[in-house]
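Take a look at the structure below.
The values are calculated or read from the model by the stated rules, or taken from the named source; none is laboratory data. Everything numeric in this text was worked out from a predicted model, so none of it was measured. Please note: Cβ atoms are built from the backbone with ideal geometry, for glycine as well, and neighbour counts cover all protein chains shown. Side chains included, ligands, DNA and RNA excluded: accessible areas come from the protein's heavy atoms. Shrake-Rupley method; radii C 1.70, N 1.55, O 1.52, S 1.80 Å.
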Amino acid sequence: YMIDLQDIARQVLANHARSVYSLAVKAYREGDKAGLSALSSRFLELLRLQDALMATREETRLGCWLKKARRYGGSPRDKALCETNLKTLITCWGPDEPDTPLRDYANREWAGVLEGYCLPRWEAFFRSLEAELEGAAPSVPDYFAIEQAWIHNGKRYSPRPEGDLLDKVDEVIEAVSGKNFD
């Protein structure tokens, strides 16, 4: 039941974040700088909470899967290639081309992926919207460069669970309801 509890909490949090995102886009369209700033910050907080929630179980941690991928390599170079291939498959998926229409096909919501891969893209997105409201010319962040930097960063991710699932579920309930359930 702990697997189901984590997944339900993850989905509730993702659904709530989607609502916050919609409000952020509305604030942007209305030219509400303060609203966009507050809502984008809230969205990013929710993404960090989702990463922490997923960190509570080994099978939803990127480090667990990278450890398994490394086992397929015979040499240090092959092990690194297996890690790079796994990170590519679970994120951008597509070929090593910025204009590929195939992106985010696998969409894994794992600890490490959310904070290391998704968060920088969302931060760049919201920065671009905020810059536009400040008078900058509209621009699209270079998501491909952000993705490739993460895929090839060589960062090590622990496979060991961190935090208590039930505590994180309480945090999710508080985050989506605004109430403390201690």
Scanning the stretch 33-58 residue by residue, those over 14 Å from residue 114 (Cα atoms), open to solvent by 60 Å² or more (accessible area, probe 1.4 Å) and touching a residue at least 24 places away in the same chain (Cβ under 8 Å) turn out to be 33, 58
Look at residue 101 and say whether it is open to solvent by 60 Å² or more (accessible area, probe 1.4 Å) and in contact with a Ser or Thr (Cβ under 6 Å, 6 or more places away or on another chain). no
Within the stretch 32-76, the residues that are among the charged types (D, E, K, R) and touching a Gly at 6+ places or on another chain (Cβ under 9 Å) are 51, 61
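Look through 82, 92, 118 and report the one residue that is open to solvent by less than 40 Å² (accessible area, probe 1.4 Å) and part of a loop (DSSP other than H, G, I, E, B).
92
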Just one of the numbered conditions (1) of a type outside the set (A, V, I, L, M, F, W, C); (2) in contact with an Asp or Glu (Cβ under 7 Å, 6 or more places away or on another chain); (3) surrounded by 15 or more Cβ atoms within 10 Å (Cβ to Cβ) is not true of residue 138; which one? (3)
If you check residue 159 against the conditions, is it open to solvent by 20 Å² or more (accessible area, probe 1.4 Å), in contact with a strand residue (DSSP E or B) (Cβ under 7 Å, 6 or more places away or on another chain) and touching a residue at least 40 places away in the same chain (Cβ under 8 Å)? yes
Which one is farthest from residue 158 (Cα to Cα) among residues in the stretch 24-50 that are acidic (Asp, Glu) and part of a loop (DSSP other than H, G, I, E, B)? 30
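Residues checked against (1) more than 17 Å from the chain's Cα centre (by Cα); (2) assigned to a helix (DSSP H, G or I); (3) charged (D, E, K, R):
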site	(1), (2), (3)
10	no, yes, yes
15	no, yes, no
18	no, yes, yes
52	no, yes, no
56	no, no, no
63	no, yes, no
66	no, yes, no
72	yes, no, no
Could you say which residue among 132, 123, 109 is in contact with a Pro (Cβ under 7 Å, 6 or more places away or on another chain) and modelled with pLDDT of 90 or more? 132
Enumeration of residues in the stretch 59-79 that are in contact with a helix residue (DSSP H, G or I) (Cβ under 7 Å, 6 or more places away or on another chain) and open to solvent by 70 Å² or more (accessible area, probe 1.4 Å): 65, 72
